[in-house]
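S.K.: Encoded as structure tokens, here's the structure I'll be asking about.
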Amino acid sequence: MNIIKPVLLLLIIFFGSQAEAQENNRKDQREAEMYLEEAEDALSENDFASAEAAYRKAIAKDPDNPTAKYNLGNLYYNKEKPSEAGERLNQAGEIADSKETKHKAFHNLGNSFMRQKKYKEAVEAYKDALRNNPRDEETRYNLALAKKMLEEEQQQQDDQDDGEGGDNQDQEQQEDQEDQGGDGENEQESDDEGEQEEKEDEGDQQEDENEGEGDQEQEQDEGGDQQEQPQPQPQPQQGQLSPEQIKSLLEAMNNEERKVQDKINAEKAKGAKVKTDKDW
């Protein structure tokens, strides 16, 4: 008998707490509905600031209310705040308990991603919407458009990567040409030095010849019958380029043309529009 009384007391406290919690939950839900009505009244008067505040209060009172989050998401979307809209619409789609609500939330979530040019995320959102309503033609159209925009974006990125690769190749070719030009200058300097040495050698040879002539004249004067000797002629050195050959070589090197690959810009899609948002 003594054991039964404490057990009964605990059961009474437990069920009493549960009943109180349920009553508080119902009270919060009623207040949330009241704030939703305030938000609708504010929207009818184009008072967006008051409507946003009322939706936030409704969510604070009832965080599991998909209507409050969905409507706040649409409010952000209409006020050109797609990032905030996407957050609230995604929350609404996750907590919604009906396929119709989920479909509307994910459809408009896809629209918010399209406005941000996040085409990959938009494709996934429209797919989620179609899972809850496969017959909606607007969602199918928007899904097809998102896929097309995603493909064009990827193609444009591929073309840009190819263009950067071509630029790198052109830069390497230019560096090679500069290296070749430096080698040509070095060769020209070597040739100039060789020509200078050749001239000096010729000068020395000419002096020797003059001295030889003087000696021969003196010998002729002294001997009278000594035969005149033929003068040696300067011979060209093997492996030495002539100035004309050097000039031709430099002109051939300077006439090399660089090949430049134009970057291809993918045509941007024009005129394609995302179809209307889903109303609550």
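The values are calculated or read from the model by the stated rules, or taken from the named source; none is laboratory data. Only a predicted model underlies this, so the values are computations on that prediction, with no experimental measurement involved. Cβ placement follows ideal geometry from the backbone for every residue including glycine, while neighbour counts extend to all protein chains displayed.
S.K.: Sort out which residues of segment 136-177 are of a type in the set (S, T, N, Q) and either at pLDDT below 85 or over 30 Å from Lys99 (Cα atoms) (or both), and write them in order of number.
M.R.: Within segment 136-177, Gln154, Gln155, Gln156, Gln157, Gln160, Asn168, Gln169, Gln171, Gln173, Gln174, Gln177 meet the criteria.
S.K.: Might you let me know whether segment 117-135 holds any residue that is within 25 Å of Arg56 (Cα to Cα), modelled with pLDDT of 95 or more and polar (S, T, N, Q)?
M.R.: no
S.K.: Here's a follow-up. Among residues belonging to segment 106-151 that are of a type in the set (S, T, N, Q) and without any contact (Cβ under 8 Å) to a residue 60 or more places away in the chain, point out the one that is surrounded by the fewest Cβ atoms within 10 Å (Cβ to Cβ).
M.R.: Only one residue fits best here, namely Gln116.
S.K.: Let me ask you something else. Only one residue in Lys69, Lys27 is assigned to a helix (DSSP H, G or I) and surrounded by 15 or more Cβ atoms within 10 Å (Cβ to Cβ), so which one is that?
M.R.: So the residue among Lys69, Lys27 that is assigned to a helix (DSSP H, G or I) and surrounded by 15 or more Cβ atoms within 10 Å (Cβ to Cβ) is Lys69.
S.K.: Looking at (1) over 22 Å from Arg56 (Cα atoms); (2) under 24 Å from the mean Cα position of the chain (by Cα); (3) small (Gly, Ala, Ser), can you tell me which one Ser112 breaks?
M.R.: Among (1) over 22 Å from Arg56 (Cα atoms); (2) under 24 Å from the mean Cα position of the chain (by Cα); (3) small (Gly, Ala, Ser), the lone unmet condition for Ser112 is (1).
S.K.: To continue, here is another question. Residue by residue through segment 102-120, note down the ones that are of a type outside the set (Lys, Arg) and outside any helix (DSSP H, G or I).
M.R.: Once the filter is applied, which keeps residues that are of a type outside the set (Lys, Arg) and outside any helix (DSSP H, G or I), segment 102-120 yields only Gln116.
S.K.: Only residues that are more than 47 Å from the chain's Cα centre (by Cα) and within 11 Å of Arg56 (Cβ to Cβ): list them for segment 23-39, please.
M.R.: Correct list: empty.
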